[in-house]
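Below you'll find the structure, written out as structure tokens, and then a few comments.
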Amino acid sequence: MPQYLVRVELFGASSENYERLHANMDAIGIGREIVFAGGVKHLMPAGTYFGSSTLGVESVRDRVKTFANPLSPDRSAAIFACQVKDGEWSAFLYPA
């Protein structure tokens, strides 16, 4: 199953809106934690999500848009989505 990195920025959002965003992202399998080799979980940077989905990259982006925009009262959410090639990634992150 393809892996995705998604960055979402909300504008004028409350902390409750961010919690709803996190829950919605988790519900589609793209969350704030990433598992390193050896099974150790690490936190993604703020507003950044990682996970797997059967959807294509444009469908992931569009799905995120449907629930992120209502949570971003000042203007539409900024969303960046990309597919990670063959699970190739490297990072320096803090443990979850």
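What are the residue pairs meeting all of these: first residue in region 11-37, first residue at pLDDT 95 or above, second residue assigned to a loop (DSSP other than H, G, I, E, B) and surrounded by fewer than 17 Cβ atoms within 10 Å (Cβ to Cβ), Cβ atoms under 6 Å, and 6 or more apart or on different chains?
Qualifying pairs under 6 Å: PHE11/ASP74; PHE11/ARG75; GLY12/PRO73; GLY12/ASP74; GLU33/ALA96.
When you go through LEU93, LEU55 one by one, which is the residue that is in contact with a strand residue (DSSP E or B) (Cβ under 6 Å, 6 or more places away or on another chain), assigned to a loop (DSSP other than H, G, I, E, B) and at pLDDT 95 or above?
Every option except LEU93 fails the conditions.
Output the number of residues of region 65-95 satisfying the condition of being among the basic types (Lys, Arg) and without any contact (Cβ under 8 Å) to a residue 24 or more places away in the chain.
So in region 65-95, the residues among the basic types (Lys, Arg) come out as 65, 75, 85.
The next check asks that each one be without any contact (Cβ under 8 Å) to a residue 24 or more places away in the chain; those that pass are 65, 85.
So the count comes out to 2.
Go through region 24-75 and give me each residue that's basic (Lys, Arg), surrounded by fewer than 17 Cβ atoms within 10 Å (Cβ to Cβ) and within 15 Å of ALA91 (Cβ to Cβ).
LYS41
The values are calculated or read from the model by the stated rules, or taken from the named source; none is laboratory data. What you see is a predicted model, and the numbers here were worked out from it, not measured in a lab. Positions of Cβ are backbone-derived with ideal geometry, glycine not excepted, and every protein chain shown enters the neighbour counts.
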